[in-house]
Amino acid sequence: MSLEIKTISSQQTLSVRHPILRKGRPIESCYFKGDDLKETFHLGAFNKEEIIGVISCYLSNGIHFTNGVNYQIRGVAVLEKFQKKGIGKALMLKTEKTLRTSNCNFVWLNARVNANEFYTKLQYEPIGSIFDVPEIGNHQCFFKKLN
């Protein structure tokens with residue numbers, strides 16, 4: 001496998017978001033608020049020319065971080081046949097590297113509880129209680145200090 005991570009458009013995220021994060025739901029459910037804002041960026045993991053993983057990052061303080069520049073990660077997804085091969089980790093590390101250069105203080109995300117171990121291995125810390133996202137399931141908020 002030849003892995004390359006590069007900037008993509010929000011439209012390009014849909015081919016991975018839909019089957020992994022919103023399977024069986026309308027494609028419209030894959031569009032996230034803020035996808036096309038100038039402060040938002042999306043990265044894609046490519047195997048040759050095929051997009052196999054995506055991640056999106058939004059300028060957002062959320063409810064826990066009120067000072068400085070903070071970003072929220074959303075839509076982390078890797079096509080099923082490419083999971084457990086380090087692609088999600090590579091996307092996360094590339095995102096963190098990009099955010100460090102923009103003086104980001106904290107990065108945070110709401111993770112499905114079945115992904116909690118993935119984020120704790122990347123030194124993300126849980127904050128708050130587990131909560132339900134209707135039609136998707138239980139989530140946990142995580143954060144990491146970058147600068």
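The values are calculated or read from the model by the stated rules, or taken from the named source; none is laboratory data. Because the structure is a prediction, the values reported are computed rather than measured. So basically every Cβ, Gly included, is an ideal-geometry build from the backbone, and we count neighbours across all protein chains shown.
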Starting from region 98-113, take each residue that is in contact (Cβ under 8 Å) with a residue 12 or more places away in the chain and list its partners that are among the acidic types (D, E), counting only C-beta distances under 7 angstrom and pairs at least six apart or across chains. V107/E96
Out of region 85-115, which residues are among the polar types (S, T, N, Q), surrounded by 14 or more Cβ atoms within 10 Å (Cβ to Cβ) and under 21 Å from F32 (Cβ atoms)? T95, T98, S102, N110
So, of the residues in region 47-71 that are at pLDDT 95 or above and surrounded by 19 or more Cβ atoms within 10 Å (Cβ to Cβ), which turns out to be farthest from F106 (Cα to Cα)? I52
Pairs needed: first member in region 114-141, touching a residue at least 60 places away in the same chain (Cβ under 8 Å); second member anywhere, assigned to a loop (DSSP other than H, G, I, E, B); C-beta distance under 6 Å; at least 6 residues apart or different chains. I127/H64
Quick check on region 37-45. Is at least one of its residues acidic (D, E) and either touching a helix residue (DSSP H, G or I) at 6+ places or on another chain (Cβ under 9 Å) or not in a loop (DSSP other than H, G, I, E, B) (or both)? no
Only residues that are free of Cβ contacts under 8 Å to residues at least 24 places away in the same chain, surrounded by fewer than 14 Cβ atoms within 10 Å (Cβ to Cβ) and not basic (K, R): list them for region 19-46, please. G24, P26, I27, E28, L37, E39
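Confirm whether V76 is more than 14 Å from the chain's Cα centre (by Cα) and free of Cβ contacts under 8 Å to residues at least 40 places away in the same chain.
no
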The condition from (1) of a type in the set (D, E); (2) surrounded by 12 or more Cβ atoms within 10 Å (Cβ to Cβ); (3) out of contact with any strand residue (DSSP E or B) (no Cβ under 9 Å at 6 or more places or on another chain) that E125 misses is numbered (3)
